[in-house]
Amino acid sequence: MLVDVNLKLLDDAACVVSSLHDRTYTEPTLGGQRVGAQLRHVIEFYESFLDGLTGPSIDYDARKRDVSIEQSRSAALARIESLKRRLSVLEWGDGDIPLRVVAEDAPEYSMWSTVCRELQALRSHTIHHFAVIAMALHAWGIAVDPDFGVAPSTLATRAASKAA
């Protein structure tokens, strides 16, 4: 289930990126946000997770920070497709496989986590950055799906309010 949710988020990202002009993807809005920079950050978090599954630990701060993802929609789309392939074949059993995650900004420390916990963290992290992307696109005058960048709990609350 968590893999499917993350795959859906990556599909949503590809859909948004495919619909944009290069300028909208790369140039900052009045608030300084760039869609490409936000998406690069998300992509590299997923790559860090997947790369860390085969190494001694996951280190989200050791991202490559590949600016080509920020500057090229086609590069971003290719990386998204690669992530989707890698995630779709992820062998994670019951999700309780223990992982070591390097503490943010403190590589001498690490903590235990699980595949499920990290997939959930990636989900939340991605939705957060999608919200920033949605705000940047609104600043460009571009409408996005009203559910893009909205937390599942908020979506559930909205649905409950409409049903009441």
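The numbers here are math on the coordinates, done by the rules we state, and not lab data. From a predicted model like this one, the values you see are computed outputs, not experimental measurements. A quick note on method: Cβ atoms are made from the backbone with ideal geometry, for glycine too, and the neighbour counts reach across all protein chains shown.
On a per residue basis, the convex hull of the C-alpha atoms belonging to the chain measures out at 131 Å³.
Using a ≥ b ≥ c from the Cα gyration tensor of the range 37-119 (square roots of the eigenvalues), is it rounded, prolate or oblate, where a/c under 1.5 gives rounded and otherwise the larger of a/b and b/c decides, a/b for prolate? It would help to have the intermediate numbers written out before the result.
Values: a/c = 2.90, a/b = 1.38, b/c = 2.10.
In terms of gyration-tensor shape, oblate.
Placing +1 on each Lys and Arg Cβ and -1 on each Asp and Glu Cβ, with no other charges, gives the chain a dipole about its Cα centre of roughly 440 debye. Dipole of the chain computed with +1 at Lys/Arg Cβ and -1 at Asp/Glu Cβ about the Cα centre; of Y109, S153, A139, farthest Cα towards the positive end is A139.
If neighbour count is taken as other Cβ atoms inside 10 Å, put R23, R123, R158 in order from fewest to most.
Numbers: R23 8, R123 17, R158 13.
Final ranking by Cβ density, sparse to dense: R23, R158, R123.
Projecting the Cα atoms of I97, L87, L53 onto the charge dipole of the chain, computed from C-beta unit charges around the Cα centre, puts L87 farthest toward the positive end. Where Rh denotes the Kirkwood radius from the mean inverse Cα pair distance, what is Rg over Rh for the range 1-74? When Rh is taken as the Kirkwood radius, the ratio is 1.02. Charge tally around L39: other residues with Cβ under 10 Å, Lys/Arg +1 each, Asp/Glu -1 each, net +2. Applying the criteria of a DSSP loop state and at most 12 other Cβ atoms within 10 Å to the GluC sites (Glu not before Pro) of the range 99-133 yields E104.
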